[in-house]
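J.: This is the structure I want to talk about, given as structure tokens.
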Amino acid sequence: MTITYVTITYQAAKVLQRTLDSVLEQDYPDITHLIIDGASTDGTIEMVNDYIERSNAADNGHKVLLMSEPDNGIYDAMNKGLRSLDGDYVCFLNAGDFLPAPDIVTKIMEQADHFSHLSPLTSHLPAVLYGDTDIVDGEGRFLHHRRLAPPENLTWKSFRHGMLVCHQAFYARTDFAIATPYNQKYRYSADVDWCIRIMKAAAKENVPLLNLHMVVVNYTEEGQTTLHHRESLLERYKVMESHYGRISTFFMHCWFAVRAVLKPSN
């Protein structure tokens, strides 16, 4: 099985190195890494070209591809990545985020392969592989486990309770991913909408999702949704309304507010 990581970059030289290194050191050979850059001028391109040289010298079976040109924002860039996909699974690994161990891809692919051979009922690969997330600071140091944890049995309805799986811990089967481009009317929360629509498509075709029961990504806290927190929350509310209805979304967010008030300060 082949896995593709897509990393979107723009002026990302300060945080990109740990992302590239974490993919380079993976012991799993069948990895493609697509770097979709928005015409950076801060040294990002030079860093990626050095990464390509190191990957070639390592002779580890990885394939690294770079596309650098102006784009219309992060979700436009992600759609460029979708249009360049092949292989079995795709994961969007942002600049600054990184894989937690050199054998993590091997473990993920072993679980997917094992699951597909369990019985005739699961003879196809899961539509989504999903796992846990650790939060790190701007220097890549561990801060805490992500507060929202994936449920044992994830469905598209699970996200009514929030984005229970981090976008970078969500491995989509490429046929579902290619058929589900990001909706560019959203500026900050198209990833939430994308995950829900992929899970809806999987449910429609009765294809299972697989909980990996392990941390699969270290997520850097300073992202676009952190920088634009209010706008992101308002947009996410609209995403939830579009999938779960106005009344259900309203009452669920009332519960979120009550839960926040009742949550112990420690």
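The values are calculated or read from the model by the stated rules, or taken from the named source; none is laboratory data. Because the structure is a prediction, the values reported are computed rather than measured. Because the Cβ atoms are built from the backbone with ideal geometry, glycine has one as well, and the counts that use them run over all protein chains shown.
J.: Please specify each residue of segment 82-130 satisfying the condition of being of a type in the set (Phe, Trp, Tyr) and outside any strand (DSSP E or B).
T.: PHE115, the sole residue that qualifies.
J.: For segment 142-228, give me every one of the strands (runs of 3 or more DSSP E) that falls completely inside it and has 1 or more residues that are polar (S, T, N, Q).
T.: By residue number, 209-220.
Each row is one residue, and each column tells you yes or no for (1) among the hydrophobic types (A, V, I, L, M, F, W, C); (2) loosely packed, with under 13 Cβ neighbours inside 10 Å; (3) touching a residue at least 12 places away in the same chain (Cβ under 8 Å); (4) assigned to a loop (DSSP other than H, G, I, E, B).
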{"residue": "ASP42", "(1), (2), (3), (4)": "no, no, yes, yes"}
{"residue": "ILE45", "(1), (2), (3), (4)": "yes, no, yes, no"}
{"residue": "GLU53", "(1), (2), (3), (4)": "no, yes, no, no"}
{"residue": "ASN60", "(1), (2), (3), (4)": "no, no, yes, yes"}
{"residue": "LEU66", "(1), (2), (3), (4)": "yes, no, yes, no"}
{"residue": "LYS80", "(1), (2), (3), (4)": "no, no, yes, no"}
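J.: Shifting gears a bit: I need every pair where a residue in segment 90-109 that is farther than 23 Å from ILE198 by Cβ has its Cβ under 7 Å from the Cβ of a residue that is surrounded by fewer than 24 Cβ atoms within 10 Å (Cβ to Cβ) and of a type in the set (Ser, Thr, Tyr), sequence separation at least 6 or different chains.
T.: GLY96/THR220; PHE98/SER22; THR106/TYR28
J.: Also, quick follow-up: Criterion first (modelled with pLDDT under 75, within 15 Å of the chain's Cα centre (by Cα) and among the β-branched types (Val, Ile, Thr)) does THR225 satisfy it?
T.: Yes; evaluated as a whole, the condition is true for this residue.
J.: Taking segment 1-22, which residues are touching a residue at least 40 places away in the same chain (Cβ under 8 Å), within 22 Å of GLU139 (Cα to Cα) and surrounded by 21 or more Cβ atoms within 10 Å (Cβ to Cβ)?
T.: If the condition is that a residue be touching a residue at least 40 places away in the same chain (Cβ under 8 Å), within 22 Å of GLU139 (Cα to Cα) and surrounded by 21 or more Cβ atoms within 10 Å (Cβ to Cβ), then TYR5, VAL6, THR7, ILE8, THR9, ALA12, LEU16, THR19, SER22 are the ones that fit.
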